[in-house]
Amino acid sequence: MRDAVIVEAVRTPVGRRNGALKDIHPVDLSAVVLTALIERTGLDVGVVDDVVWGCVGQVGEQSANIARSAVLAAGWPEHIPGTTVDRQCGSSQQAIHFAAASVIAGHADVVVAGGVESMTRVPMGSARRAGPGVPFGPTVSHRYGNVDFNQGAGAEILAKRYDLSRTRLDEYSLESHRRAAQAADDGRFVKQIAPVELPDGTTLTADEGIRRDSTLDALGALKPAFDEEGRVTAGNASQISDGAAALLVTTSERARQLGLTPLARVHTATVVGDDPVTMLAAPIPATRKALGIAGLNLDDIDAFEVNEAFASVVEAWLTDTGARRERVNPLGGAIALGHPLGGSGARLATTLVHHLQSEGMRYGLQTMCEAGGMANATIFENLTA
């Protein structure tokens with residue numbers, strides 16, 4: 001039986017909007033992690049069969065199949081192809097799923113999966129505004145009462161549905177920053193980060209979004225972002241960010257032949273659809289589906305990465321699943337580290353598989369909400385635990 005294993009996983013530091021990475025073209029940002037994969041594994045790059053790359057804003061600098069451009073920018077051989085995936089915020093998590101399926105099926109032996117988003121250079125919603133009309137079409141709009149499919153509104157719906165107070169959401173946000181700061185101070189991100197050389201000659205080596213001086217009072221002073229009477233603010237939502245991440249996917253047998261030691265196996269991979277208006281609740285059924293396919297229960301999972309698109313997403317997920325809070329986003333999440341849309345799925349996976357390795361844990365589960373009411377869920381297994 002062929003399987004799918006991750007033999008290396010790297011990411012750039014996540015930059016703030018208009019921060020240190022603002023002058024780095026997203027193609028070149030992608031090339032940074034592709035290059036780092038080869039440097040860290042010592043792999044002959046010529047054996048790579050394909051590159052599957054997630055990106056949400058596929059317009060302007062991120063258009064024209066950015067995966068292929070990234071391959072060429074990294075200086076890789078021209079025979080290596082690339083394709084770009086859009087499953088909204090789950091794009092690079094889906095890229096991992098596609099890469100794993102490809103090697104398990106025998107269609108390829110070595111595939112790179114990852115993604116990128118430069119939200120500074122290609123602002124969120126750019127693709128949606130690139131042409132006339134609305135992207136959903138009149139039939140879909142009519143089916144759902146001509147609502148505006150808005151993630152902020154979905155976050156507010158979740159907060160009300162699960163009776164999540166503004167204070168609870170702000171407390172969650174503060175804890176995300178605390179955990180991320182502690183992880184950074186403890187050197188927990190060093191192995192996973194590929195430094196980025198900047199045009200001014202300096203090098204970015206650490207995530208820019210962690211707010212060490214954040215307080216509940218400061219968070220509480222922020223105005224609601226989507227509803228004047230709402231609970232969702234910029235402080236308890238993910239940060240707009242720039243970043244990229246990549247994972248090298250192959251089979252256990254091919255890894256042995258190449259002299260590589262797997263970080264983790266892709267144990268289970270699934271995706272679900274849910275209400276596109278609420279939009280952000282899909283990680284709940286995705287988690288249940290993944291556990292059911294895997295034959296595991298919640299207590300079997302040692303660590304969870306639930307993307308912090310909004311604090312209400314994770315708090316609703318915690319309330320519904322009953323998972324242990326200390327196991328969820330143990331190193332902080334997108335509220336503190338940032339959410340470079342197309343690169344986030346690969347960033348979460350990179351953080352998770354390194355965490356499993358460093359802590360000697362066996363199972364990790366990753367899930368994230370996606371525009372349109374979808375969610376991917378992936379279970380990784382540390383084979384040495």
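Sort segment 288-378 into rounded, prolate or oblate with this rule: let a ≥ b ≥ c be the square roots of the eigenvalues of the Cα gyration tensor; rounded if a/c is under 1.5, and if a/c is not under 1.5, prolate when a/b is larger than b/c, oblate otherwise. Rounded, because the longest to shortest axis ratio a/c is under 1.5.
Please work out whether segment 238-287 counts as rounded, prolate or oblate from its C-alpha gyration tensor, where a ≥ b ≥ c are the square roots of the eigenvalues and a/c under 1.5 means rounded, while otherwise a/b larger than b/c means prolate and anything else oblate? Cα axes put segment 238-287 in the oblate bin.
From the helices alone, meaning DSSP H stretches of at least four residues, give me the mean residue ellipticity at 222 nm for the chain, per-run term -39500 (n - 2.57), in deg cm²/dmol to the nearest 500. Don't jump to the answer; show the numbers that get you there.
Details: 12 runs with 135 residues, N = 385.
It comes out at -10500 deg cm²/dmol, rounded to the nearest 500.
Between segment 5-29 and segment 182-223, the C-alpha centres lie 13 angstrom from each other. Compared with the alpha-carbon gap, the fully stretched path from D213 to R325 is longer by 38.0 nm at 0.36 nm per residue.
For a 28 Å ceiling on Cα separation, which of these pairs sit above it: K160/K191; K160/K223; K22/K191? Spell out each step's value before the answer.
On the way: K160/K191 40 Å; K160/K223 17 Å; K22/K191 24 Å.
Flagged as over cut-off: K160/K191.
For the pair H79 and D227, the difference between a 0.36 nm per residue extended length and the Cα-Cα distance amounts to 48.2 nm.
Restricting attention to segment 1-63, which trypsin sites (Lys or Arg not before Pro) occupy a DSSP loop and are surrounded by at most 14 other Cβ atoms within 10 Å?
R2
Between H25 and T261, the modelled labels are 3.8 nm apart [label points 7 Å from Cα along Cα→Cβ].
Quick one: S91, S176, S102, fewest Cβ neighbours within 10 Å first, how do they rank? Could you put the intermediate results ahead of the total?
On the way: S91 30, S176 26, S102 20.
Taking fewest neighbouring Cβ atoms as first place, the list is S102, S176, S91.
Listed highest first by mean packing, meaning other Cβ atoms within 10 Å per residue, what order do 146-152, 303-309 come in?
So the peptides 146-152, 303-309, ranked by packing, come out 303-309, 146-152.
With springs only between Cα atoms under 10 Å, which of P199, P26, P81 fluctuates most in a Gaussian network model of the chain? Largest GNM mean-square fluctuation: P199. When Rg and Dmax are taken over the Cα atoms of the chain, they come to 19.5, 60 Å. Highest mobility in the GNM of the chain, judged by mean-square fluctuation with C-alpha springs under 10 Å and restricted to G137, G373, G345, is found for G137.
How would you rank Y162, Y144, Y363, going from fewest to most other Cβ atoms within 10 Å of each one's own Cβ? Could the numbers behind the result be given before it?
Working: Y162 16, Y144 13, Y363 21.
Exposure proxy ranking, most exposed first: Y144, Y162, Y363.
Of E253, E208, the sequence from fewest to most neighbouring Cβ atoms within 10 angstrom is E253, E208. Give me the mean projected area, in nm² to one decimal, of the convex hull enclosing the Cα positions of segment 194-287. Directional mean of the projected Cα hull area for segment 194-287 stands at 11.4 nm².
Only aspartates and glutamates eight or more places from K289 in sequence, or on another chain, were considered; those with a Cα closer than 13 Å are D274.
Every read-out reported here was derived from the displayed coordinates using simple, explicitly stated rules and does not represent laboratory data. These figures come from a predicted structure and were not determined experimentally. Note that we place each Cβ from the backbone using ideal geometry, even for glycine, and neighbour counts take in every protein chain shown.
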